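The structure under discussion appears below in the form of structure tokens.
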Amino acid sequence: MSKVFFIPIDSYDQTQEISQSAARLLGHLMAEGHIHPASYIPLKVHFGEKGNQTYITPENYTGIIQFLKEKGISSAYTDTNALYRGQRQNRTDHLKLAEEHGFTQLPLVIADGEYGEEYVERPFHGKYFQSCKIGKAFTELEQMIILSHFKGHMLAGFGGALKQLAMGCASRGGKLAQHSGTIPKVKARKCEACGDCAEKCPAGAIVLQPKAMILEDKCIGCASCIAVCKKGAISFSWQMSLGKEFRERLAEYAMAAQTGKTFMYLNFLINITRGCDCESRRMKPIVPNIGLLGSMDPVAVDTASLDLVQKAKGKKVFQRGKNALKYAEKIGMGTMHYELVELSPTP
Ligand code: SF4
Ligand code: SF4
């Protein structure tokens with residue numbers, strides 16, 4: 001059984017209370033886990049897609065930043081590039097959006113490079129993967145604080161700690177492998193034969209004939225070309241993302257991202273929407289705010305989050321996500337059995 005610490009908070013306007021509670025939870029996790037902090041511990045966040053209004057804003061992380069500073073620990077905000085088109089699909093636009101969304105208190109690190117080309121193949125012995133493409137910057141660190149906004153997600157069921165690890169730590173190619181398992185395709189009618197994709201492809205897998213064509217035997221599935229093509233001529237199939245298998249693939253990637261690392265997980269049960277922060281639209285919360293949860297076990301913290309949301313809603317929601325939790329437990333990533341320990345917001 002894993003411990004999950006909980007600080008109830010019922011208003012999103014209480015930014016200072018949220019910020020202080022997050023720092024208190026983090027301090028508690030470090031003390032309980034006897035963690036000797038590394039000199040550098042980045043904050044894994046989601047900067048919120050352009051137009052999204054319900055992502056967790058940086059003011060809520062001020063307490064954590066102050067906590068780390070007082071301990072002499074350096075930090076950064078970090079994330080990887082998104083697979084689909086939007087303002088987070090390459091490092092340049094992603095950094096610009098992060099600054100527009102106010103993430104200016106710390107340096108910003110996009111862990112998989114400009115187009116997703118900076119990654120490490122981490123060996124993994126799973127049902128679906130023998131290796132996983134993890135953003136290079138993540139493979140080089142010992143510790144990280146995974147800050148997850150708990151809310152719904154169209155394909156995963158919900159987005160919490162597991163999804164932050166799986167999609168959030170994977171390079172663009174790693175995201176492609178989880179979603180599709182196939183290489184990208186060129187839509188000839190949209191291709192203007194500019195050659196940008198061929199020039200940037202790290203595997204020399206694109207030739208112009210005269211339109212772009214991907215050589216299947218050379219492609220390494222890094223997904224950089226999807227971001228490079230400004231005409232939207234390169235895409236992939238979402239077909240595999242619809243079934244239970246996708247959520248099991250997601251759990252394997254989550255495990256690969258955290259293996260050998262000391263990660264601390266904080267879930268924000270605030271502004272709990274049906275859709276994800278990746279969605280560029282205004283959304284309404286489906287339940288009142290609940291609070292913050294912290295654990296060293298990503299499976300336990302997501303299970304407890306799901307249970308609390310369902311209790312608040314008075315019925316089952318985000319049920320698809322249970323596939324990932326059950327599979328993550330089966331492969332030894334953590335446990336769905338937890339003890340909920342309530343803390344007060346102040347010591
Ligand atoms: S970058 Fe896009 S438009 Fe240019 S050659 Fe490649 S597929 Fe065609
Ligand atoms: S063709 Fe394959 S190897 Fe080349 S950029 Fe696209 S996904 Fe990466």
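Derivation of every value follows stated rules applied to the coordinates shown; laboratory data play no part. Note that this is a predicted model, so its numbers are computed, not measured. Counting neighbours? That spans all protein chains shown, and the Cβs are built from the backbone with ideal geometry, glycine included.
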Per-residue HN-Hα couplings for the stretch 333-342 [Karplus 6.51, -1.76, 1.60; θ = phi - 60°; Hz; x = Gly/Pro]: 7, x, 10, 8, 8, 9, 10, 8, 10, 7
So for each of 312-324, 261-273 I average, over its residues, the number of other beta carbons within 10 Å; can you give me the resulting order with the highest mean first? 261-273, 312-324
Using the crude model of +1 on Lys and Arg Cβ and -1 on Asp and Glu Cβ, and no other charge, please compute the dipole size for the chain relative to its Cα centre, in debye to 20. 1320 debye
For a quick check, take a GNM of the chain with Cα springs below 10 Å and name the residue from His46, His179, His337 with the largest mean-square fluctuation. His337
Going out from 0 in 10 Å bins, what whole percent of all Cα-Cα distances in the stretch 185-235 drops into each bin? 30, 63, 7
Can you list the residues, at least 5 places off or on another chain, whose amide H is less than 5 Å from the amide H of Lys3, using H built in the peptide plane? Glu339
Only Lys, Arg (+1) and Asp, Glu (-1) charged, at Cβ; the stretch 1-64 dipole about Cα centre in debye: 260 debye
Quick check: pseudo-label points 7 Å beyond the Cα along Cα→Cβ at Gln14 and Lys200, how many nm apart are they? 4.5 nm
Options Gln87, Leu97, Ile73, ranked by Cα towards positive dipole end of the stretch 58-124, top entry (Cβ charges): Ile73
Computed from the beta carbon distance with a Förster radius of 30 Å, FRET efficiency for Lys211 and Ser280 to the nearest 0.05 stands at 0.50
Among beta bridges that DSSP assigns inside the chain, antiparallel share in %, nearest 5: 55 percent
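Please get the size of the charge dipole for the stretch 191-347, origin at its Cα centre, with Cβ charges of +1 on Lys and Arg and -1 on Asp and Glu, quoted in debye to the nearest 20.
660 debye
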In Hz, Karplus ³J(HN,Hα) per residue of the stretch 128-142 (6.51, -1.76, 1.60; θ = phi - 60°; x = Gly, Pro): 9, 10, 9, 7, 10, 8, 10, x, 4, 4, 6, 6, 8, 10, 9
Could you tell me which of the pairs Lys44/Lys127; Lys244/Lys326; Lys44/Lys151; Lys44/Lys230 are separated by over 18 angstrom between their Cα atoms in the structure shown? Lys44/Lys127; Lys44/Lys230
5 Å is the cut-off here: which amide hydrogens, built 1.01 Å from N in the peptide plane, fall below it relative to Ser131, excluding neighbours closer than 5 in sequence? Phe124
More than 27 angstrom separation, counting every C-alpha pair in the chain; what % is that? 43 percent
